[in-house]
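Quick notes on the structure that follows.
The values are calculated or read from the model by the stated rules, or taken from the named source; none is laboratory data. What you are looking at is a predicted structure, and each value in this text was computed from that prediction instead of being measured. Using ideal geometry, Cβ is built from the backbone for each residue, glycine included, and neighbour counts are taken over all protein chains shown.
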Amino acid sequence: MHRAVNQMANTNLTNAKAVKNDEFYTQYYDIEREVEAYLDYNPDVFRGKTVLLPCDDPEWSNFTKYFAQNFERLGLKKLISTSYAINRKQERYGVQLSLFETEFETLSPKYDKRNTRSHGKIFVLDRDDNGDRRIDINDLKWDYLKGDGDFRSKEVTRLRDEADIIVTNPPFSLFREFFAWIVSAGKSFLMIGNINAITYKEIFPFVRKSKIWLGATGFMTDMVFGVPKGTAVKPSDRAKAERLGFKGDFTRLGNSCWFTNLDHGRRHQPLELMTVEDSKRYSRHKQIAGHGYDRYDNYSAIEVPFTDAIPSDYYGVMGVPITFLDKHCLEQFEIVGATESEGRGFSEGLWHEESGVSQPLINGNRVYKRIFIRKKQ
């Protein structure tokens, strides 16, 4: 009996540690840098809009801080933030009640010791509430939600339906479900995810049809995230965060990126490329210089292992790294397929069934995940 209890406790601890690594707090600068790119392209992109920030922690969230502080400059109609209940956060992430949160709530006449642990909260900003003739973070009003704040609940779903644009950093483990929750309502959005989500079977069709794309922040740009106390962080990621000026409970996620359906200028900037012949002569990549481009054994396309090595004068199908999407110019290339993350072959029917393999081959060797593109005429 004791052994069974101990095994259960160890399992729960392992699950808690795994879940805790699903919670990452976005830095203010990264939000500002990304949003400003959309404003540069279209200064009115947020004007007159209701913005929802679900899966958030409004008391300390940088998403809430940025949009509240820039409410008037963005021209927002309304800002709504929701958070999980304390019990739900502790269960899912192992997060402890912060001192700021305690002070914030206990000073309010709405504070209820029981509700604050079992109910999520909603913060709303839509007018000058304190009479200082401006609308900013000091005018945020809060109340308890009826439930625990799960984005899938009916009350948060109603807020989704009210909103024009949804902005957040959802739990990575729920990315597919959160994505479906947004697109099923036909909403504009800006959210952070893992770059490997590009080739998920639930998401890639939207990428291929240019219904969603990567955000304006370059994929190779370092993004640092805060993490709950006690989260296991790789020493190399912690060191990277520290070199960028973040000490303590921070990590650097090299595979994170922004997903959106809001337009920005980077997706209209064509790549400057060399011809096939010039690439053979002058490419800085030894796989191509003096050799050219390999062809796949099992698919009619050439292998282009680096985005800057895409030939400017080739009009057939090319397999490129998924990081190509960071520099994809809508007017320059069309996306025709991808290898699926689940390892079941080429998306959109591009896999040759007779080959019996789930990844493209070159001389019998498997090639890593690829996006398949074709140059537009």
Can you pull out every residue in region 211-233 that is farther than 23 Å from ASP326 by Cβ, small (Gly, Ala, Ser) and part of a loop (DSSP other than H, G, I, E, B)?
GLY230, ALA232
In the set LYS209, LYS187, the lone residue that is charged (D, E, K, R) and either at pLDDT below 95 or buried (at least 21 other Cβ atoms within 10 Å of the Cβ) (or both) is LYS209
For region 158-181, which positions are over 21 Å from ASN255 (Cβ atoms) and among the hydrophobic types (A, V, I, L, M, F, W, C)?
LEU159, ALA163, ILE165, ILE166, ALA180, TRP181
Give the residue that is modelled with the highest pLDDT, with candidates limited to residues of region 49-78 that are surrounded by 17 or more Cβ atoms within 10 Å (Cβ to Cβ) and of a type in the set (Gly, Ala, Ser).
ALA68
If a residue has to be without any contact (Cβ under 8 Å) to a residue 60 or more places away in the chain and farther than 21 Å from PHE63 by Cα to count, how many in region 184-211 make the cut?
8
Sole miss for LEU145 among (1) under 30 Å from LYS211 (Cα atoms); (2) in contact with a strand residue (DSSP E or B) (Cβ under 7 Å, 6 or more places away or on another chain) is condition (1)
Just to verify a result, which residue in region 234-260, among those that are assigned to a helix (DSSP H, G or I) and over 24 Å from ALA37 (Cβ atoms), is nearest to the chain's Cα centre (by Cα)?
ASP237
